[in-house]
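Working notes, structure below.
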Amino acid sequence: MGAGGTACPVYKALFHERNPRGSFLQTATYEQEFAYPWQDPGCHLWFFDDGLPGYAWYVPKANGHVNVGLGGMADQLKDRAGNIKQFWQKFVRKLAKRGLVNYDGYHPTGYSYYLRGAVDVVSDENAYIVGDSVGLATVDMCEGIGPAVRSGLLAADSIVTGAEYSLAGIDRFSGGGFFSKVLPPGQSETNFCQNGSAVVDFSARCSSGVSSACTRRVANLSTRAASVPAGKADVNAPNSL
Ligand SMILES: Cc1cc2nc3c(=O)[nH]c(=O)nc-3n(C[C@H](O)[C@H](O)[C@H](O)COP(=O)(O)OP(=O)(O)OC[C@H]3O[C@@H](n4cnc5c(N)ncnc54)[C@H](O)[C@@H]3O)c2cc1C
């Protein structure tokens, strides 16, 4: 069972040639979680801020921890700034300026994973790949936790029952992309996305796909974020978001 994430050795050894991942589907992230006496209990998301081709987040967690980070499509990050670290520097300055996090000990960790592409070979006799090993994150919100869990369950079911292991039932979009279709064109994302203590800032007009998904997420986040323990992710919400 290849469940080792992006650098999964099972993927490399058995599936890489038949399932090459497209570099245009690669994400790059930079994040850090640490003990911090946060004051603002709301989640903050910033989409396309300062030219970032993606989004950044501030998430206060239980027991005095906070998770901050940013991510975007790797190719676009390279094109725009040459280095994700430059976006990080601007981001942490913004956190300090807004009074959200004023911290001297940053040492963020970088990670990369792939969005869902034209993946069709995910098993070979008794070998399977799931989650980031395949590259299954949703193409609109880059969410990989749900697809990783679902593909793991499907692969396990195949092993136990002999049923075919197929990704057909795993959605390519967060929430099925329904909101993307119903949002009226020209909607002001900033107003549309503000909800309770969770605030979404759009620095530029963005695609309705992103705005709709975040609206739905934000509604959940405001009640859940500060109760998520440090180091834990919430499958239904952008954890880190
Ligand atoms: C900063 C950041 C924020 C994210 N935010 C979100 C979000 O808000 N929502 C969302 O849905 N997704 C998010 N994602 C993506 C999500 O985390 C991944 O898509 C998901 O965790 C993939 O799960 P996985 O089990 O396939 O791989 P992983 O979570 O990477 O787990 C793979 C595991 O295999 C282990 N491993 C690797 N090699 C070996 C080996 N040789 N032997 C044994 N073990 C091995 C690794 O140590 C690791 O524990 C985020 C990712 C990052 C980096």
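The values are calculated or read from the model by the stated rules, or taken from the named source; none is laboratory data. Being a predicted model, the structure only gives us computed values, none of them experimental. Virtual Cβ from ideal backbone geometry, glycine too; neighbours counted across all protein chains shown.
Odds and ends about this structure:
- Scanning the range 53-71 for residues that are without any contact (Cβ under 8 Å) to a residue 60 or more places away in the chain and surrounded by fewer than 23 Cβ atoms within 10 Å (Cβ to Cβ) returns 53, 64, 66.
Per-residue answers, yes or no, for (1) in contact with a strand residue (DSSP E or B) (Cβ under 9 Å, 6 or more places away or on another chain); (2) assigned to a loop (DSSP other than H, G, I, E, B); (3) away from the ligand (no atom under 14 Å from the Cβ); (4) over 17 Å from residue 74 (Cβ atoms):
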site: 6; (1), (2), (3), (4): yes, no, no, no
site: 10; (1), (2), (3), (4): yes, no, no, yes
site: 21; (1), (2), (3), (4): yes, yes, no, no
site: 28; (1), (2), (3), (4): yes, no, no, no
site: 33; (1), (2), (3), (4): yes, no, no, yes
site: 42; (1), (2), (3), (4): yes, yes, yes, yes
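- Evaluation of residue 176 against (1) within 16 Å of the ligand (Cβ to nearest atom); (2) assigned to a helix (DSSP H, G or I); (3) modelled with pLDDT of 95 or more (one fails), failing number: (3)
- Cβ-Cβ contacts under 6 Å between residues 6 or more apart (or on different chains), taken from a first residue in the range 120-145 that is on the phi > 0 side of the Ramachandran plot to a second residue that is more than 7 Å from the ligand (Cβ to nearest atom) and in a strand (DSSP E or B), are listed as 135/114; 142/27.
- Among the residues of the range 128-141, none qualifies, meaning not one is surrounded by fewer than 18 Cβ atoms within 10 Å (Cβ to Cβ) and over 17 Å from the mean Cα position of the chain (by Cα).
- Counting the residues of the range 51-83 that are among the polar types (S, T, N, Q) and over 17 Å from the mean Cα position of the chain (by Cα) gives 2.
- Residue match in the range 32-53 (condition: outside the structural domain of residue 151 (by TED's automatic domain parsing), modelled with pLDDT under 95, in contact with a helix residue (DSSP H, G or I) (Cβ under 9 Å, 6 or more places away or on another chain) and under 30 Å from residue 19 (Cα atoms)): yes
- The set of residues from the range 75-97 being in contact (Cβ under 8 Å) with a residue 24 or more places away in the chain and surrounded by 14 or more Cβ atoms within 10 Å (Cβ to Cβ) comprises 75, 77, 80, 81, 84, 87, 88, 90, 91, 92, 94, 95.
- Qualifying residue in the range 65-77 (condition: out of contact with any helix residue (DSSP H, G or I) (no Cβ under 6 Å at 6 or more places or on another chain), within 14 Å of the ligand (Cβ to nearest atom) and polar (S, T, N, Q)): yes
- Residue within the range 87-104 that is within 13 Å of the ligand (Cβ to nearest atom), in a loop (DSSP other than H, G, I, E, B) and either modelled with pLDDT of 95 or more or in contact with a helix residue (DSSP H, G or I) (Cβ under 8 Å, 6 or more places away or on another chain) (or both) present: no
- Only one of the numbered conditions (1) assigned to a strand (DSSP E or B); (2) hydroxyl-bearing (Ser, Thr, Tyr); (3) within 12 Å of the ligand (Cβ to nearest atom) is violated by residue 58, and that is (3).
- Any hit, the range 11-19, residues being touching a helix residue (DSSP H, G or I) at 6+ places or on another chain (Cβ under 6 Å), modelled with pLDDT of 95 or more, over 21 Å from residue 106 (Cα atoms) and of a type in the set (A, V, I, L, M, F, W, C): no
- Qualifying residue in the range 106-116 (condition: within 12 Å of the ligand (Cβ to nearest atom), among the small types (Gly, Ala, Ser) and surrounded by fewer than 22 Cβ atoms within 10 Å (Cβ to Cβ)): yes
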